[in-house]
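Written below as structure tokens is the structure these notes are about.
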Amino acid sequence: MALLLITLLALLASSSIILSYNGVYGVRSLTTMEEKEEDLELERQLKYLNKPAVKSIKTEYGEIYDCVDFYKQSAFDNPLLKNHKPEMSSSIPRQTHNETSSEVDPLDYLRLDDGGCPSGTVPIRRTTKEDLIRWKSYSNSSENFHQFLDEGPGKHFAGYQLKNENLKYHGGSAYLSIHNPSVSPNQYSGAMIWAQGGQNHVQVGWHVNPKLYGDTKTHFFGHWTADGSQKTGCFNSICSGFVQVNKDTPLGTVISQTSTYGEDPYSVPVFLYQDKKSRNWWIALGEKSTNIGYWPKELFNSIRESAPVVGWRGEVYTPQGEQDPPMGSGHFLSEGGLPAYKKTAYFRAVRVNGDDDIARGPNDASLETVTNGCFIAEDFPYINDFWRHTFFYGGPGGTC
């Protein structure tokens, strides 16, 4: 049971009662006794996952976020964090140029209503019985499981990465255009910034993922693993790992504003960086680089001090027998008639964090394209002082 409580995958795989599901929502007939045992098991899991709340906030989308005492959030249940000293804030690496801030901080479209949580507490999305039943489908076949792995079948991507075992990367940043691509119940589509070393990785970005959330809305997400998602790691705060510090912008929240084809896009500044002193991996968002939370370095082995890989990419997952969903805006840069930024998804003002704690454009010789499937990524090292180094990516999906 201890391993079950550490990670989502272990939670799904180690349960004393694993049922056979047909697809995502169908379930085989159960005897009355089996149903009772299954309900008891789900209730035990829910009791552990959902901590006592000082206050609860129900969003307009029907999700409930519980305001949990900072020190009682599930991250600190992880045995690896037994001696961890929590951080409350951090500063992003120094930027090589200053952005012109917009009048409205894009972070406003991610914040919870009702003023967020009280001081000393953090918002954690309440897990429901329906969530647990839906997540079990992840553990029922190798194909479902492999959607978490780069080499897994059905996973397609388009973007760029810096990969150099001799250099020390400490994360990256960019303005991510936000979209709401159409996906089937078993697919997902999104975009991310990630840092990786061996089987260790941390990711942050946006995605549409019905299996995870039970809807087709665009969500802000984070994901981590220390062993290629074999036994450790999960999305958001589902398992013990990510330390939430922000009281009104939790991982997993719906992004209420998304881009519309042909109009000025909506984008969010996203920062994934390793604190120069603690070496914890932090997430910050918005024009003011607002801290959201972090993954403690104790969770990892090969990215404790730095990462040999940092990247920016769009990503989709498609089960066997289905066509790829759209990635990003669902449109190629080569389409005519509109400016690039009004039709194609992008990472704008891309930066990588060096060992000197300065964020610069990713212009060294290690930059390489990472694409497969039906999608395209195009690199523009410098457009102007606003766009700086920009990656355009995506496509309509379908069959290549």
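Throughout, read-outs are computed from the coordinates displayed, never taken from laboratory work. Note that the structure is predicted; figures quoted are calculated from it, not measured. Neighbour counts run over all protein chains shown; Cβ positions are idealised from the backbone, glycine included.
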Query - Nearest-ten-degree value, helix 32-49 long axis tilted from longest Cα axis of the chain - result: 50
Requested in this report: Just order 38-47, 61-70 by mean Cβ neighbour count inside 10 Å, highest at the front, would you?
Outcome: 61-70, 38-47
Query - Where Rh is the Kirkwood radius over Cα pairs, Rg/Rh for region 221-332 - result: 0.99
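With a cut-off of 8 Å between alpha carbons and a minimum separation of six or more residues, what is the relative contact order of the chain in percent? Could you put the intermediate results ahead of the total?
On the way: 980 pairs, mean separation 86.1, N = 400.
Contact order relative to length: 22 percent.
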Report task. Can you quote the Å³ per residue value for the convex hull of the Cα atoms in region 157-197, rounded to an integer? Result -> 100
Query - Members of K217/K343; K247/K342; K51/K129; K247/K288; K155/K217 lying beyond 22 Å, as alpha-carbon distances in this model show - result: K247/K342
Requested in this report: Report, to two decimal places, the Cα Rg of the chain normalised by 2.2 N^0.38 Å (N = number of residues).
Outcome: 0.94
Query raised in the report: Tell me which aspartates and glutamates have Cα within less than 15 Å of K85's Cα, excluding those fewer than 8 residues away on the same chain?
Result: D77, D275, E298
Query raised in the report: So what is the relative contact order of region 309-400, in percent, for Cα pairs below 8 Å that sit 6 or more residues apart?
Result: 37
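Once the convex hull of the alpha carbons of region 245-400 is built, what does its volume come to per residue, in cubic angstrom? Spell out each step's value before the answer.
Values: hull volume 25.4 nm³, N = 156.
Hull volume normalised by residue count: 163 Å³.
For n ≥ 4 DSSP H runs only, could you compute -39500 (n - 2.57) per run for the chain, divide by its residues and tell me the 222 nm figure to the nearest 500?
Calculated from helices alone, the mean residue ellipticity at 222 nm is -3000 deg cm²/dmol.
Output the peptides 333-346, 308-321, 112-125 sorted from most to least packed, where packing is the average of other Cβ atoms within 10 Å over each peptide's residues.
Numbers: 333-346: 16.9, 308-321: 22.6, 112-125: 18.5.
Ranking the peptides 333-346, 308-321, 112-125 by packing returns 308-321, 112-125, 333-346.
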Report task. From the C-alpha gyration tensor of region 195-244, pull out the three semi-axes of the equivalent ellipsoid (sqrt of 5λ each), sorted largest to smallest, in whole Å. Result -> 20, 11, 11
Query raised in the report: How would you order 281-287, 154-160 from highest to lowest mean count of nearby Cβ atoms within 10 Å?
Result: 281-287, 154-160
